[in-house]
Amino acid sequence: MILRALLLRPLLRRPWRFLITVIGVATGVAAVVSTIAASRAAVASFAEGVDEVAGVARLEITRSGGLPDATLATLRSLTSEALLIPVVEDTVLLMELGDGVRLLGVDLLLDAQVRPVLSGDDPLPDLDATLLGFGALISRPLATEIGVEPGDELTVSVGGRPRTIEVAALFEADGLSAVWERVVVMDVAPAQELLGKVGRLDRIELVPRDGVDVEDLQTRATELLTSDLTIAAPGERRRFAEQMLASLRFNLVALSAISLLVAGVLIATTLATSVVQRRFVVSLLRSMGASRRKIAAVVLVEALGIGVVGGVIGVAAGFLGARLALASVRFTVASVVRGIPASEIRFDPQLAALGLAIAIATALAASILPLKEIMAVPPLQGLRTTPPQRMARGSRLMALAALLIMAVVVVILARMPAIRDLPIPALTSALVAMAGLLVGSGLLLDSLARIGHVPFARMRGAALQLAAAALSAGRQRAAWAAGSVAVAIALAVAIATMVSSFRATVESWTDSGMRADLWVRPLAADTGVWVGRLDPEIVGIAEDLFGAETVDPFYSQTIDYRGRPVSFAGAAFDVVRFHGSVPFPGRDSAEVFDLAWRERAAVVNEPFATRFDVVEGDTIRLDLPGGVLEREVVGVFRDYSRSHGLVVVDRSDFLGFFPDAGPDDMALFLPPEIDPDVARERFFDAVRGRFLVEALDNRELRAAVLSAFERTFAITTAMYLVTAVVAVVAVLTVLLTLVGERRRELATVRAIGGSRRQLLAMVVAEAGLLGIAAASAGTLVGIAVGIILVKVVNLQSFGWSLELVLPWSSMAGMAAWVVVTCMIAGLPPALVAARLQPATVLREEG
Amino acid sequence: MMEDSGAAVGSGSVMETVVEIVGAGRDFHRGQEVVRALVELSLTLDAGELAALIGPSGCGKSTALNLVAAVDRPDRGSVRVCGIDIATATEDELVTLRRRRIGMVFQAFHLVPHLTVEENIALPLALDGRRDSERVRALIDRVGLAHRAGHYPSELSGGEQQRTAVARALVHQPRVVVADEPTGNLDSRTGAAVIELLDELRRSEGAALLLATHDAKVAAAADRIYALADGRLVD
């Protein structure tokens, strides 16, 4: 009965408030779920798929750049204890799909025991094609997607070289990870030939036979291997990639979590307003013997309802939104770890449960203060009109003290180092700063009313004076709305600061560092993500056409340095020393490369220098396949194309350790007399029909780099729009409640001569003042958070030092937009106030 | 027609009729039910007069006062206040009438809770875009609240609140003051003091007073008494 009186009937009569809150919660949850789902899908083949693709393999033997397949012979004595499965693997561009796929070369005769997908009834109908030719097994969903059947041919681009493979069979992917939809399986020998890895393997998998202890097997295998080979569980590969991606994913999720903060405020506001509106009924029920617990249970049920319904809708919207976000996230991920094909977004029950749990937890947490309020509602006899809620002096001092303490905490946290390379203290400081807006908004509104009281009173007309006084009096409710708007604008300003700083830095970086006339890279997928590397033959073609002194191929390989993944790279120092390349702060790039060329030294990027505390003059020691390389560091360069460490040596040093490697890309520094467009045509003529590559001129290259950054920030831009919508909804809800609370007062004003226009102006002015307060506080905190993001979070996450650029015109625009939007949000409640019939209200209210 | 200066029309004439109600009726709809709050009412009030409306609860006193105060319109008959026909006047005309010609005192005081005493009293002037600090302060003194000018209604006693409401009702020099059971929430002693104050002030301001009351003593002091029962005047 209590539930019906306090919740169900009011809900049926006025469902909009519940719906608006549900939408707000759903939006916050959708932001989190879509971010996680998109980032997971973007790295599916590494993060979740490694274990599945590894099948039942318990150990893997690997080496940076691959291991010689003769290693199999070294391990022959272990065959009684384990299956030894040779594997080659790489990402290739599947032309029919327009996207990258993982090409897995395994011993198909042995592997049926290892990988689940090959355990079907007849996975190898055409043994000749698969074992002797370039036959491949693809998943049925992939085959359906690209419209092929067994017997059809596919074209893959490997190192820019188009190769043909045949669909030998289809395998079912039901019940398996989504990664299998982007895996093409071939026999190891043709795969080695296709991938240009003849004589090499990417890993050897060990599958212990029954009764064999894995640790003992590992020990015996280690005794047989050379020191440059690593033996570990398959999860180690995942750890490597996850380390590289950890900061990126953490930052994305942390930013999306802020939208949850705003959603939580919205829930608290809604529940609090529902308490206000049901105050009389609650006090009546208390008079008739209803306990506080029973009354409180109603609020909890409402919160739970909001959480459940909002969570379900949010999860559904999140998975849909992830599809939209996937391209942007993949682009961002590709800047960290290249060549990862993404899987499609699939419904993940665990993520759905997490989203629902987050929604419920947020709703229940937000119900704490409204719960406290409703439990304090006295029985009817003690019910009084709510007096004005101006802050007492003691409360103001406490709020001020709390804000000062929070400010100190923000500064302390912002100066703390990262935890496991994650900027947890810095992001926490940003969160505390945002929370400070919620804590301080009441004080702000109260101060606004006090300070504005005199000038407002001197103005002709009572609208501003009444609006300021009403805001101050309804401070507790209005503070929540002001707080949520302030958080939204703070987030917007912080992100705008980060984006403008990034853009200015990258523009400056491209201006000073991108000097090549042409830049050749592998063909990109439809999403714009590069796939694979260039074939070494392409370098020879370019050198023949334009001269070796014009060609700068760039090679890289991920290696382990002090337990962390870094890129070890080789470039043509003999070429770039005449032209310069990446910018070295305070130094001439060409001079640095000339020094590196003459001294056979290395240059490193800022992320490497920051993470490993390396400065110019230090010597670094790299454990590479077949030996150790020690080089002095003669320069630290700015690098915004990657977030992990990079060590660059001359290509001769690099190729000494990885002789079969193809370059990631190639820069051409043409003589002045050669027109880049003409050169591009000549190059394409030379490679036509043999290689599929792209060649960008300098202008196109800079545009591509800037476009990559715009796409990277697209997802964060979307987040603050979502947050702004939620905040405006909070303003609308609160103002409607304030108007509802003040019906008698508003009717009195009408009765003593207030016009409808004046009441309308009063409520809109209230909304405007709320917007001004929120915009002011939000902008200030947003600048502080922006500085933390630019100067601390980016440095700790990615090792990037950025130039701080505050987007003043954007901030002014945002502030103005917020004020206008709040005033627009104030229109519906203003119309309600203006339409009050004074006689009716005064009769009702006594 | 309203004069912007707010000066009384025909202010020299004691017998000028400021309120004229002829056969006025007002109905309210509660779902399917029609409640005839006022069936047929006719009364007049001259400038400077004190008229009392008496009758049991639910007889239509408040409804009648709301019509005179121009916060409601009649469904039947005519209600003219300071020459304005309430039934046919535009919204702007009614607003101007309330701002400049009519003052209201309510049983429940109805002060704006987040404005001080001084601000509440000044509110009708502010709504009309006017300021007159001297008049406001003078009224505060006259109602004996100089020491409470900066306090909020929640900090005042019932009598102090009603005195504030009385000052507010007179600050803009209205022609008509409408008081709906102004002593209903006060003890007898305080109520008597408030009535005395209200009467004294309105006399000095030259305003007519239409007062709804249960109090026989108050009614007895009126120039005219109108008794209502079931929405009609009774003898």
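Here are the numbers for the structure shown:
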item	result
Lone qualifier among B:LEU201, B:LEU228 - being open to solvent by less than 10 Å² (accessible area, probe 1.4 Å) and under 23 Å from B:GLN173 (Cβ atoms)	B:LEU201
Neighbours by Cβ (under 8 Å, 6+ apart or cross-chain): first from segment B:127-144, in a helix (DSSP H, G or I); second basic (Lys, Arg)	B:LEU127/B:ARG99
Among the candidates A:ARG690, A:ARG680, residue that is surrounded by fewer than 18 Cβ atoms within 10 Å (Cβ to Cβ) and either of a type outside the set (A, V, I, L, M) or in a loop (DSSP other than H, G, I, E, B) (or both)	A:ARG690
Scope segment A:199-224; condition β-branched (Val, Ile, Thr) and over 30 Å from A:PRO659 (Cβ atoms); matching residues	A:VAL207, A:VAL212, A:VAL214, A:THR219
Unmet requirement for B:ILE121, which otherwise passes all of (1) open to solvent by less than 40 Å² (accessible area, probe 1.4 Å); (2) outside any helix (DSSP H, G or I); (3) more than 8 Å from chain A (Cβ to nearest Cβ); (4) not polar (S, T, N, Q)	(2)
Matching option when the condition is touching a Gly at 6+ places or on another chain (Cβ under 9 Å) and surrounded by fewer than 22 Cβ atoms within 10 Å (Cβ to Cβ), among A:SER512, A:SER501	A:SER512
The lone exception for A:ALA761 - which of (1) assigned to a loop (DSSP other than H, G, I, E, B); (2) within 14 Å of chain B (Cβ to nearest Cβ) it fails	(1)
Failed criterion for B:ASP128 (all others in (1) farther than 20 Å from B:GLU205 by Cα; (2) open to solvent by 20 Å² or more (accessible area, probe 1.4 Å); (3) at the interface with chain A (Cβ under 7 Å from one of its Cβ atoms) hold)	(1)
Set A:ILE787, A:ILE783: member being at pLDDT 90 or above, outside any loop (DSSP other than H, G, I, E, B) and over 17 Å from A:ALA254 (Cα atoms)	A:ILE783
Near pairs, Cβ below 7 angstrom, 6+ apart or cross-chain, from segment B:58-69 (among the polar types (S, T, N, Q)) to any residue that is open to solvent by less than 10 Å² (accessible area, probe 1.4 Å) and outside any helix (DSSP H, G or I)	B:SER62/B:ALA212; B:THR63/B:LEU38
Subset of segment A:417-432 (residues that are under 15 Å from A:THR610 (Cα atoms) and either small (Gly, Ala, Ser) or open to solvent by 50 Å² or more (accessible area, probe 1.4 Å) (or both))	A:PRO417, A:ALA418, A:ILE419, A:ARG420
Restricting segment B:96-118 to residues that are at pLDDT below 90 and open to solvent by less than 10 Å² (accessible area, probe 1.4 Å), the residue that is nearest to B:VAL81 (Cα to Cα)	B:HIS110
Pair list, Cβ < 7 Å and 6+ apart or interchain, from segment A:428-444 residues that are within 18 Å of A:LEU770 (Cβ to Cβ) to residues that are open to solvent by less than 10 Å² (accessible area, probe 1.4 Å) and not aliphatic (A, V, I, L, M)	A:LEU437/A:GLY483; A:LEU437/A:GLY778; A:LEU438/A:GLY483; A:SER441/A:GLY483
Qualifying positions in segment B:50-61 - within 14 Å of chain A (Cβ to nearest Cβ) and either surrounded by fewer than 21 Cβ atoms within 10 Å (Cβ to Cβ) or β-branched (Val, Ile, Thr) (or both)	B:SER57, B:GLY58
Residues within segment A:790-813 that are outside any loop (DSSP other than H, G, I, E, B) and surrounded by 22 or more Cβ atoms within 10 Å (Cβ to Cβ), tallied	8
Some residue of segment A:738-750 being outside any helix (DSSP H, G or I) and within 14 Å of chain B (Cβ to nearest Cβ)	yes
Candidate set from segment A:47-65 (those that are buried (at least 22 other Cβ atoms within 10 Å of the Cβ) and under 21 Å from A:ASP99 (Cα atoms)); member that is modelled with the highest pLDDT	A:VAL53
Qualifying residue in segment B:149-161 (condition: in a helix (DSSP H, G or I), more than 14 Å from every other protein chain (Cβ to nearest Cβ) and within 21 Å of the chain's Cα centre (by Cα))	yes
Residue count, segment B:72-111 (criterion: more than 9 Å from chain A (Cβ to nearest Cβ) and part of a strand (DSSP E or B))	9
Residues that are at pLDDT 95 or above and open to solvent by 10 Å² or more (accessible area, probe 1.4 Å), drawn from segment A:562-582	none
Lone qualifier among B:ALA69, B:ALA87, B:ALA64 - being touching a strand residue (DSSP E or B) at 6+ places or on another chain (Cβ under 9 Å), closer than 24 Å to A:GLN758 by Cα and open to solvent by less than 30 Å² (accessible area, probe 1.4 Å)	B:ALA69
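The values are calculated or read from the model by the stated rules, or taken from the named source; none is laboratory data. What you see is a predicted model; the values in this text were computed from it and never measured. Cβ coordinates were reconstructed from backbone atoms using ideal geometry, including for glycine residues, and neighbour counts include every protein chain displayed. Areas reflect the complete protein model, heavy atoms only, side chains present, ligands, DNA and RNA absent. Shrake-Rupley method; radii C 1.70, N 1.55, O 1.52, S 1.80 Å.
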